[in-house]
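The values are calculated or read from the model by the stated rules, or taken from the named source; none is laboratory data. Just so you know, these numbers come straight off a predicted model, no measurement behind them. In this analysis, Cβ positions are derived from the backbone assuming ideal geometry, glycine residues included, and neighbour counts consider all displayed protein chains. The accessibility values were calculated without ligands, DNA or RNA, using every heavy atom of the protein model including side chains. Shrake-Rupley method; radii C 1.70, N 1.55, O 1.52, S 1.80 Å.
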Amino acid sequence: MAKTVNRQKSNKPSFAAKVLDKMTLGNDISINRAPIETGMIRHWWRTFKSNYSSLVIQNILCMLLAAPFIALVFFIMPNLEQRWILQNAFNFVGELGLGFTGSTTDTVMAIKGIYLFRLMFYSLIIPCFSLIGLGMSGLFYSSRNVAWGAKIKFRHFFRGVKKYWWQYMLAFTIIGIAVYAVLASIYGYLYMSIAGMTTWYMYIVMIIAVLIALAIVFFMITFLPIINMYNFKAGDKIKNSILLAVVLLLPSTMLGILWIGLPVALIWTSLTQMILLVTFVLFGFAAYATAIQCFGVYAADNYTTVLYQNMLYTQEKERRRQASVNRKGTNKNKKNKGKR
């Protein structure tokens with residue numbers, strides 16, 4: 001695998017080698033861990049399946065911390081919207097024909113009000129994501145251990161929270177801000193569109209918000225496992241995550257499509273929403289954490305650790321060469337003194 005990272009058949013540095021040349025290198029904090037020899041997907045499935053019973057209680061704890069987000073999005077917001085519509089007594093059948101009174105402006109006002117309502121109150125998902133990050137700090141810690149082949153106990157969840165709570169809360173707060181930025185740009189565009197206002201710049205804002213959110217997704221896929229795998233400084237972790245996100249763009253895209261596209265596909269009807277909630281109650285958070293953590297182990301075993309070992313080998317080779325040169329120089333000086 002070292003050849004895969006460093007050289008191509010033309011004996012020129014590969015794209016991965018050029019990008020990762022600026023990485024901060026070092027071994028992860030595992031002790032004498034053997035590299036993972038199976039593929040990433042197979043390793044995740046084997047890890048998740050064999051450790052599900054240990055992870056299920058921790059999954060429930062994360063579910064409890066995610067309860068405010070679930071309540072806000074699936075219950076509180078829809079009920080508040082319906083109550084607001086009923087209290088304002090909007091007439092949605094105006095100007096439909098003989099016998100119907102009222103105006104279509106009621107419909108327009110109701111839709112504008114709903115968009116404005118969502119634009120304001122969906123900002124509450126940001127602290128909800130922060131709370132989810134608190135739970136995920138413990139679950140990612142346990143997922144790291146099982147991805148390394150270690151056994152976990154229930155107390156490991158709280159050990160991970162104690163060690164990494166603020167890093168994961170900060171990371172998930174950023175994710176929450178990105179999600180809200182996308183929602184706000186969409187509802188802002190829809191509100192201005194139905195109000196008959198100029199919307200071309202909101203269309204640009206929406207595209208920019210989506211692109212930034214996608215960049216954050218790619219970054220977080222590599223950053224979340226790195227948080228608990230290395231003792232690097234925060235700046236080095238961020239730098240390594242960005243570089244790995246560039247190199248691992250294709251597998252990151254596949255992972256992102258699976259873990260983001262699946263929930264998005266299930267939020268449109270009440271039945272699929274119930275299936276989504278039951279899934280997360282049973283194993284959803286554990287599946288996410290172990291998949292992303294196994295992805296981090298894959299990146300370490302195939303890139304970071306390989307480059308670090310190559311660097312150590314090069315340094316040791318240079319040290320021996322220098323020692324050999326010094327030894328020859330010493331012997332030569334002794335011979336010259338003997339001739340004198």
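Here are the numbers for the structure shown:
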quantity	calculated
Residue tally, condition out of contact with any helix residue (DSSP H, G or I) (no Cβ under 9 Å at 6 or more places or on another chain) and open to solvent by less than 20 Å² (accessible area, probe 1.4 Å), over segment 273-304	0
Whichever residue in segment 3-25 is assigned to a helix (DSSP H, G or I) and within 23 Å of the chain's Cα centre (by Cα) and, among such residues, is modelled with the lowest pLDDT	A16
Counted residues, segment 13-23 - those being closer than 20 Å to N228 by Cα and open to solvent by 30 Å² or more (accessible area, probe 1.4 Å)	0
Test: residue in segment 183-204 that is closer than 24 Å to L255 by Cα and touching a residue at least 24 places away in the same chain (Cβ under 8 Å)	yes
Filtered residue count, segment 172-199, keeping only those that are of a type in the set (A, V, I, L, M, F, W, C) and within 16 Å of C62 (Cα to Cα)	1
Helices (runs of 4 or more DSSP H) wholly inside segment 98-211 containing at least 1 residues that are closer than 17 Å to F285 by Cβ, open to solvent by less than 40 Å² (accessible area, probe 1.4 Å) and of a type outside the set (F, W, Y)	125-147, 155-194
Condition broken by N310, with the remaining ones in (1) over 27 Å from the mean Cα position of the chain (by Cα); (2) modelled with pLDDT of 85 or more; (3) open to solvent by 90 Å² or more (accessible area, probe 1.4 Å) satisfied	(3)
Pair list, Cβ < 8 Å and 6+ apart or interchain, from segment 236-264 residues that are among the basic types (K, R) to residues that are surrounded by 13 or more Cβ atoms within 10 Å (Cβ to Cβ)	K237/F223; K237/I226; K237/I227; K237/Y230; K239/M23; K239/T24
Among the candidates S270, S252, residue that is under 16 Å from the mean Cα position of the chain (by Cα) and small (G, A, S)	S252
Count of segment 231-241 residues which are under 17 Å from the mean Cα position of the chain (by Cα), more than 13 Å from Y303 (Cβ to Cβ) and crowded, with 16+ Cβ neighbours inside 10 Å	1
Single residue of segment 26-52 satisfying the filter (of a type in the set (S, T, N, Q) and modelled with pLDDT under 90) that is nearest to G284 (Cα to Cα)	T38
Only listed residue being open to solvent by less than 50 Å² (accessible area, probe 1.4 Å), assigned to a helix (DSSP H, G or I) and over 20 Å from F172 (Cβ atoms), chosen from P251, P263	P251
Pairs with Cβ under 7 Å, 6+ apart, first in segment 138-164 and without any contact (Cβ under 8 Å) to a residue 40 or more places away in the chain and within 18 Å of A66 (Cα to Cα), second part of a helix (DSSP H, G or I) and open to solvent by 10 Å² or more (accessible area, probe 1.4 Å)	V161/L134
